[in-house]
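The values are calculated or read from the model by the stated rules, or taken from the named source; none is laboratory data. Note that the structure is predicted; figures quoted are calculated from it, not measured. Cβ coordinates were reconstructed from backbone atoms using ideal geometry, including for glycine residues, and neighbour counts include every protein chain displayed. When the accessible area is computed, the model is the full protein with side chains, heavy atoms only, and any ligands, DNA or RNA have been set aside. Shrake-Rupley method; radii C 1.70, N 1.55, O 1.52, S 1.80 Å.
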Amino acid sequence: MSAAGAGAGPVDGGRASPRMHAVVSGAGVAGLALAGRLALDGWSVEVVERAAAPRASGYLVDFFGPGFDAAERMGLLPGLRARAESFEELRSVDAVGRVRARLPISLVERAVQGRSLTILRPQIVAALSEALPGAVRMRWGTQVEAVHDDGTAAHVLLSDGERVAADLLVGEDGVGSRVRQLVWGPARGFVRPLGELTAVAWIGDDGRLHDDLGGKVAMQLEQDRQLVVAPLGETEVTGFAVLRGVGAADARGAIRGMGALGRRAVQGVRDPYVDAVAQTVVEPWVRGRVVLLGDACAAVSLLAGQGASLAIAGAERLAEELAFARHPSDVTAGLAAFERDWRPVIEREQARGRRAQATFAPHTRLEVEAQRAVWRAAALPGVAHLVARAAGGITKPR
Ligand SMILES: Cc1cc2nc3c(=O)[nH]c(=O)nc-3n(C[C@H](O)[C@H](O)[C@H](O)COP(=O)(O)OP(=O)(O)OC[C@H]3O[C@@H](n4cnc5c(N)ncnc54)[C@H](O)[C@@H]3O)c2cc1C
């Protein structure tokens, strides 16, 4: 039983049960969603996060699907809605800046019956943090250094020297997961790049471009490239590009080379996120009383446009399996049930993410033209609804 979490806990059928203790590695989307839900179910929870504080910068996330439904059930929607961005229109533009097609966002919203949000990742984290029960212990600037599972507890050594005995250790520390490295071994084979795609996302201050966008999201599709630029707040602009066959060092030049929008978009870029587009595949997700969740084991890639959504939905599903755990054997049984139920969902979404490569960055001019035709058709009343529904998200149109 845990050192930190020992003591009488929830009463189960009139019998006082020991309180279960979880260590969560990673205060990201999955980590905070799980920590909050486990704490509400009576667990004692501590979250260790390598960063010294929540990261302020981030990219725009289209939030819909299973995570939206889960967030609603967990009472998180009001906090997320309050922090969401709103745009008037999605515009398809060409290399010289001409508008080739328009899709009113109201149509997208109607097509998905309002069950979609566009929100900055740090704002999702802020909403989840705000909803955390006060009893959850946050340990910033800390990470897991070693883990030993003796069959009754996971003994976790933290970087500040403290040792914690936990009923459950959850690795929700992203694609490069520390817990995965420690318990499953080095990253080789777990992280699977999708083709030669590089993602670049950034936020920059550019009042003129912000005003010229006028509340609209601009999207440009070319062979092997997609660029999306959107206004934020009073003067900021956020951009997102997927590039095939371009290394991180050449990403800025490649975006500039896309023409009018690209040239303007890369001005004022600060703190860009640049990474290979990849999925993670880990089998199994569970080892003893250690489990992985979110991008650590099941990244679908930004092409699926569902990573944050699945992180929250997965957290809810895992917490449900563990809600009534009172003994170590309940925990291992709950983890097994979670993996059995949730893995098929992830595998389906990962397959969808791989299929989306061609729409995000079309391989041929023919594919580019076919997609442009779809966007032009979006101007027609009946078709607009279909395009809007297929697009699902606003900043990752497909
Ligand atoms: C450019 C881009 C666009 C995207 N767009 C979308 C979208 O439109 N829709 C969508 O649903 N998803 C989108 N995603 C995916 C989504 O952001 C992720 O799938 C989601 O954030 C995964 O949540 P997570 O909690 O697993 O990981 P993260 O949210 O990445 O959190 C991991 C946390 O672990 C911490 N950490 C790392 N190492 C350690 C360590 N050693 N010890 C302790 N803590 C550690 C990190 O600091 C971080 O706080 C996008 C991703 C990218 C990169």
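Taking all protein chains into account, the per residue accessible area for the chain stands at 42 Å² (1.4 Å probe). Placing unit charges on the Cβ atoms only, positive for Lys and Arg and negative for Asp and Glu, gives the stretch 291-371 a dipole magnitude near 200 debye about its Cα centre.
Highest mean packing first, where packing is the average number of other Cβ atoms within 10 Å per residue, the peptides 361-372, 223-234, 331-342 line up as 223-234, 331-342, 361-372.
A probe of 1.4 angstrom, applied to the heavy atoms of all protein chains, finds Val29 with accessible area near 20 square angstrom.
Across the stretch 227-243, coupling constants 3J(HN,Hα) worked out from phi with the 6.51/-1.76/1.60 Karplus curve, θ = phi - 60°, read 10, 10, 10, 9, x, 10, x, 8, 9, 8, 9, 10, x, 8, 9, 10, 10 Hz, and Gly and Pro carry x. The mean of 1/r over all pairs of different alpha-carbon atoms in the stretch 238-352, once inverted, gives a Kirkwood hydrodynamic radius of 16.6 Å. When +1 charges are put on Lys and Arg Cβ atoms and -1 charges on Asp and Glu Cβ atoms, the dipole computed for the stretch 18-65 relative to its Cα centre reaches about 80 debye. Restricting the calculation to Cα atoms, the stretch 38-130 yields a radius of gyration followed by a Dmax of 17.1, 58 Å.
Calculate, in whole percent, how much of the Cα-Cα pair population of the chain lies beyond 32 Å. Within the chain, distances greater than 32 Å cover 36 percent of Cα pairs. Within the listed set Gly26, Gly294, Gly141, the Gaussian network model of the chain (springs between alpha-carbon atoms below 10 Å) gives the highest mean-square fluctuation for Gly141. Considering helices alone, the calculated mean residue ellipticity of the chain at 222 nm is -10500 deg cm²/dmol, with DSSP H runs of length four and up weighted by -39500 (n - 2.57) and normalised per residue.
Considering all different alpha carbon pairs of the stretch 127-196, the Kirkwood hydrodynamic radius works out to 14.2 Å.
Amide H to amide H distances under 5 Å link Glu85 with Thr118, Ile119, Leu120, where only residues 5 or more positions off or on other chains count and H is placed in the peptide plane. Residues Ser116, Ser86, ordered by accessible area of protein heavy atoms at a 1.4 angstrom probe radius and largest first, appear as Ser86, Ser116. Comparing Gly214, Leu366, Tyr59 along the charge dipole axis of the chain, the residue lying farthest to the positive side is Leu366, per the Cβ-charge model. Applying a DSSP loop filter and a limit of 11 other Cβ atoms within 10 Å to the trypsin sites (Lys or Arg not before Pro) in the stretch 133-200 leaves Arg188. Helix 29-40 versus the longest principal axis of the chain: what angle, 0 to 90°, nearest 10, using Cα atoms? Result, in degrees: 40.
Taking only protein heavy atoms and a 1.4 Å probe, the accessible area of the chain is 51% carbon and sulfur.
Positive end of the dipole of the stretch 38-196 (Cβ unit charges, origin at the Cα centre): among Ala82, Val136, Trp184, the Cα lying farthest that way belongs to Ala82. Residue by residue, the stretch 45-58 carries 3J(HN,Hα) couplings of 9, 10, 10, 9, 10, 4, 5, 6, 7, x, 6, 7, 8, x Hz when phi is fed to the Karplus relation 6.51 cos²θ - 1.76 cosθ + 1.60 (θ = phi - 60°); x denotes Gly or Pro.
In the chain, the longest principal axis of the Cα atoms and the axis of helix 328-355 are about 10 degrees apart.
Output the 0 to 90 degree angle, nearest 10, between the alpha-carbon long axis of helix 365-377 and the longest principal axis computed from the alpha carbons of the chain. For 365-377 against the chain, the angle is about 90 degrees. Stokes-Einstein diffusion of the stretch 192-243 at 4 °C, 1.567 mPa s viscosity, Kirkwood radius from Cα pairs, rounded to a whole number: 110 µm²/s. If only the Cβ of Lys and Arg carry +1 and only the Cβ of Asp and Glu carry -1, the dipole of the chain around its Cα centre is close to 1040 debye.
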